[in-house]
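Below you'll find the structure, written out as structure tokens, and then a few comments.
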Amino acid sequence: MEFVHMKDMRASGVEPINTLSQYKRQDGVGYYESIKDAATNFFFDYLPKGVYVFEYDVRVNNAGSFSNGITTIQSMYAPEFTSHSKGKRLVIK
């Protein structure tokens with residue numbers, strides 16, 4: 001697929017360690033990672049068929065029980081092609 005956007009919502013109890021948006025390459029896929037207040041956005045020019053794992057480090061900044069947001073992925077050319085993950089509960093002690 002071409003021109004794909006993936007948005008990963010973060011729990012409010014964590015903050016990303018890397019705060020600079022930048023272009024990256026992983027497993028032969030190039031993408032732009034944009035760090036925002038509540039989410040990390042990934043923009044792909046081209047995403048070949050396959051299974052991928054995208055990770056980034058976060059730091060705990062509050063204790064408590066938080067709702068981790070969902071991750072959505074959507075084609076920018078054909079927005080009807082979209083999917084999302086399940087929400088999770090994050091408990092920080």
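None of the figures in this text is laboratory data; all of them are computed from the coordinates on show. All values derive from a computational prediction rather than experimental measurement. Neighbour counts are summed over all protein chains in view; Cβ atoms, including those assigned to glycine, are modelled from backbone coordinates with ideal geometry.
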Given points 7 Å out from each Cα along the Cα-Cβ axis, report the residue 12 to residue 24 separation in nanometres with one decimal. 2.6 nm
Inter-site label distance for residue 2 and residue 86 at 7 Å from Cα along Cβ, in nm: 3.6 nm
With springs connecting C-alpha atoms under 10 Å apart, model the chain as a Gaussian network and identify which of 73, 35, 17 has the largest mean-square fluctuation. 17
So if R0 is 30 Å, what FRET efficiency would residue 57 and residue 78 give, r being the distance between their Cβ atoms, rounded to the nearest 0.05? 0.40
Relative contact order for the chain using alpha-carbon pairs under 8 Å, separation at least 6, rounded to a whole percent? 36 percent
Gaussian network model of the chain, Cα springs within a sub-10 Å range: biggest mean-square fluctuation belongs to which of 15, 55, 33? 55
Just to verify a number: FRET efficiency for residue 37 and residue 70, C-beta to C-beta distance, R0 = 25 Å, to 0.05? 0.90
Connecting every pair of Cα atoms under 10 Å apart in the chain and solving the GNM, the largest mean-square fluctuation among 40, 71, 19 falls on 19
Which entry is the computed P(r) over Cα pairs in 5 Å bins from 0, in percent for this structure: (i) 3, 12, 17, 19, 19, 16, 11, 3, 0; (ii) 3, 13, 17, 18, 16, 11, 8, 5, 3, 2, 2, 1, 1, 0, 0; (iii) 3, 12, 22, 24, 18, 12, 6, 3, 0? (iii)
Pick out, in residue order, every one of the trypsin sites (Lys or Arg not before Pro) in the range 1-83 that is DSSP loop and has at most 14 other C-beta atoms within 10 Å; say none if there are none. 36, 49
Which is farthest toward the positive dipole end of the chain among 32, 53, 68, measuring Cα position about the Cα centre, with Cβ charges +1 (Lys, Arg) and -1 (Asp, Glu)? 68
For each pair in 36/93; 7/88; 24/88; 7/86, compute the distance between the two Cα atoms and list the pairs where it is over 21 Å. 36/93; 24/88
